[in-house]
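Down below is the structure, laid out as structure tokens.
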Ligand code: GLY
């Protein structure tokens, strides 16, 4: 790695934002011999801390979002090497697939529609009857109507990913107040100069740069039980609502998540916790006996078309923002793309759908309408 002291005082690249996307980008640059520093008052404390860690290009595929599907599939292919470099066990990277289950007849109809979409897109999924779902995941309620198993959807522990990245990337724990192509002014009045600024500030990117990235609140729960209690990550459609439960190797299970347009509000509410517990215990009743160890809320960075913003803007700043529901999944491919852009190389994926300037026609002061989710949010 480049000399740490020199890197911190006058790096080649300053990455504003120390979530999984910013840290992965800085790490990629460092691996390629570029001196990169992250600026963030609390690296890893934002959306990455709340995320369940689903790496799910298939079960995140919705109608009208094939431009995002291509990026997500490329991201999924980048994960094995990324996890290998960080340590597969260290980050709890698990490749045993994911099951989406329908609770009642209406939920099953919705799931069938979704798996028609998967089939149209040529995605490898297996439709399962109720009994087949329960033999894959015995904790599922006997009344479950059927499901879809996706072997390509994997999962990881994002808190551990961030911890590993923070061991590899220098960070300045001061908020950024203003940014331009080559300078970051910090809130304490210091200025950092560099050759290129990258902004990966998650939900705060909109405030910093005036682009339409907004916070979309997600409340989550953490349960703790015996190791191996839940074999597979399960996503459920339960009476039209969505819920997921993602196991960790140590017996922890992350249950999520609400999808709320509440601005920069990270309160955990009784109603949010109630809805999550109601849905998950309908689907996986055996979880009612284990410990509830944490409630949390994070802010996903949403954009008007649900796609991320990756590329060089008219302002000369490189954007790596707005990853909405897929920041953990797309961090390695975003990092590779940004590292290529910064060094004048062709990115490994087509970034044209993700241009920072695609929202430029929107009237100032008013964000374009968010695209509604298609009934099966994760
Ligand atoms: N990717 C899961 C979520 O946003 O809740």
>> How tilted is helix 20-31 with respect to the longest principal axis of the chain? Cα atoms for both, answer in degrees (0 to 90, nearest 10).
In response: 50
> Which value at 222 nm does the chain reach when only helices count, each DSSP H run of 4 or more adding -39,500 (n - 2.57), with the total divided by all residues and rounded to the nearest 500 deg cm²/dmol?
Replying inline: -9000 deg cm²/dmol
>> Taking the square root of 5 times each eigenvalue of the Cα gyration tensor, what semi-axes in Å does the equivalent ellipsoid of the stretch 98-200 have, largest first?
In response: 48, 17, 13
> Quick one: Debye curve from the C-alpha atoms of the stretch 235-302, no solvent, what's log10 I(q)/I(0) at q = 0.22, 0.25 Å⁻¹?
Replying inline: -1.05, -1.28
> Rounded to the nearest 5, what is the percent of antiparallel bridges among the DSSP beta bridges in the chain?
Replying inline: 75
>> Can I get the semi-axes of the stretch 205-267's equivalent ellipsoid? Compute them from the C-alpha gyration tensor as square roots of 5 times the eigenvalues, in angstrom, largest first.
In response: 30, 14, 10
> On a 0 to 90 degree scale, rounded to 10, what angle separates helix 66-86 from the longest Cα axis of the chain?
Replying inline: 80
>> If Rh is defined by the Kirkwood formula over all Cα pairs and Rg also comes from Cα, what ratio Rg/Rh do you get for the stretch 64-112?
In response: 1.15
> Using alpha carbons only, how many degrees (0 to 90, rounded to 10) separate the axis of helix 105-120 from the longest principal axis of the chain?
Replying inline: 50
>> Using 10 Å bins from zero, what percent of all Cα-Cα pairs in the stretch 139-198 falls into each bin?
In response: 16, 24, 22, 14, 13, 10, 0
> What does the convex hull of the Cα atoms come to per residue for the chain, in Å³?
Replying inline: 127
> Can you give the translational diffusion coefficient of the stretch 292-364 in µm²/s, computed by Stokes-Einstein from the Kirkwood radius over Cα pairs at 20 °C and 1.002 mPa s?
Replying inline: 159
> So what's the stretch 78-148 giving for Cα Rg divided by 2.2 N^0.38 Å, two decimals?
Replying inline: 1.38
>> Can you give me the C-alpha center-to-center distance between the stretch 247-297 and the stretch 15-80, rounded to a whole angstrom?
In response: 23
> Expressed as a fraction of 2.2 N^0.38 Å, the rule-of-thumb size for a compact globular protein of N residues, what is the C-alpha radius of gyration of the stretch 156-268?
Replying inline: 1.42
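Laboratory data are not the source of any read-out in this text; all were calculated from the coordinates shown. Worth saying up front: this structure is predicted, and the values here are computed from it rather than measured.
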